[in-house]
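Colleague: One structure is given below, represented as structure tokens, and several questions about it will come after.
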Amino acid sequence: MRYVMGRVDIGNNKRMIRNVALELTEACNYKCVMCDYWRLTAPNSMTVESAKAFLDLFPGDTLKSALITGGEPLLNRHWREIAALLPPGARKSICTNGSPILVKNRDIGEYFDRVTVSIDGARRETFASIRGYDHLHGIFDALETLKSLYPNIIVYLKMTIQRQNFREVVELMDVASRLAFVDGVGFGVLDFSESAFAFDREEFERDPYVKATLLTDSEIEEFEEFVFDFESRYEREIASGFVYEGDLRRYLNRFKSLRGHPCAPQPRSCIIPNVSAVLRADGKILGCYFLPSEITIDEVIASGVERLEELACRHTSLGNPTCARCDQLLFRNSPFELPKSAAL
């Protein structure tokens, strides 16, 4: 497999897709200000049968990684049955808001190698304001217990940078450095486009989300100072991969461009859609979370996995408007396995 200018040349390889993600449900028990999944009137949930049909498309050791996500995936009452279907040789990860493991579900360590928990604030009051619940310290306690039960599980914390928490990027690193159970910290930014999150699933008013989350001009200037401070303080953690995701300088430029400020161009390309497939709870299959669906699980079953492979091969990030605005950089400890020959 060769990486060639934003696309993948598979050569004689018969299989491209090596990573899968399963969205177990669109439902979520949090009401985060930057998200709209919780507003869905009739959220879908994945069945065990649908998950099995999808995973059966990739026999043997085809898959190198499998990611379980949502909504809040642990709200799907069949999550254990679905997790048990994941191929034993693949790296298995789950993204959760952490609340379902406050009092139960501690056995996720039986099913997953990694758990990524959304922590959108270094302070209790910030977390509660963004997420609607004062669960920060309770989640930390639950993760500490999880790590004691399953010492080999990798625990990541992730913050989505927005107006209410951008001043806490340095503080989150300080907090994480004092928590022995934390193996890494990541950062992300929001996609403010019409196709972001669940906007393509149900009609929502987008402006309130933008107003509540997109940094203002003065906040961008302030954030720039935090970025410089972060880079100088945590150069070693960035280099080592402890900061497993998130280029704060790129995010800064993203905010600037959204507010109409000139900023240095940052050309990039991505091959995740060429080597991955995401099964949504509604049965649609995507190359990644940010691209529109071109096929459903029923269509793939009817036509064969070759059709899915063909769509993956055809994708190119170059000139794609969705990919052009994407800031989800490939990162050192990605839940997805990338070709070793990929020249990133």
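Colleague: For a Förster distance of 41 Å, can you work out the FRET efficiency between the beta-carbons of Arg307 and Thr41, rounded to the nearest 0.05? Intermediate values should be presented prior to the final figure.
Modeller: On the way: r = 32 Å, r/R0 = 0.78.
Between Arg307 and Thr41 the formula returns 0.80.
Colleague: Work out how much length Arg249 to Arg167 would gain on full extension: take 0.36 nm times their residue separation and subtract the Cα-Cα distance, in nm to one decimal. Walk me through the numbers before you get to the answer.
Modeller: Numbers: separation 82, 0.36 × 82 = 29.52 nm, distance 1.45 nm.
Length difference between fully extended and current span is 28.1 nm.
Colleague: Please list the non-local residues whose amide H lies under 5 Å from the amide H of Lys92, H modeled 1.01 Å from N, same-chain partners needing a gap of 5 or more.
Modeller: Correct list: Ala66, Asp113, Arg114.
Colleague: Next question. Evaluated at 25 °C with a viscosity of 0.890 mPa s, what Stokes-Einstein diffusion coefficient in µm²/s does the stretch 2-324 have when Rh comes from the Kirkwood expression over alpha-carbon pairs? Please report the intermediate quantities before stating the final value.
Modeller: On the way: Rh = 20.7 Å.
Answer from the Stokes-Einstein relation: 118 µm²/s.
Colleague: Let me ask something else about it. Can you list the residues, at least 5 places off or on another chain, whose amide H is less than 5 Å from the amide H of Gly188, using H built in the peptide plane?
Modeller: Met159, Thr160, Ile161
Colleague: Apply the Karplus curve 6.51 cos²θ - 1.76 cosθ + 1.60, θ = phi - 60°, to the phi angles in the stretch 305-317 and return the couplings in whole Hz, x for Gly and Pro.
Modeller: Karplus-based 3J(HN,Hα) across the stretch 305-317 equals 5, 4, 5, 5, 4, 5, 5, 5, 5, 6, 5, 9, 7 Hz.
Colleague: Modelled label-to-label distance, Ser257 and Asn29, 7 Å Cα→beta-carbon offset: nm?
Modeller: 3.8 nm
Colleague: Which of Met46, Met34, Met173 comes first, and how do the rest follow, when ranked by fewest Cβ neighbours within 10 Å?
Modeller: On the way: Met46 27, Met34 23, Met173 20.
Arranged by neighbour count, lowest to highest, Met46, Met34, Met173 become Met173, Met34, Met46.
Each value in this text was obtained by applying a stated rule to the coordinates, not by laboratory testing. Since the model is a prediction, treat every value here as computed from it, not as a measurement. Please note: Cβ atoms are built from the backbone with ideal geometry, for glycine as well, and neighbour counts cover all protein chains shown.
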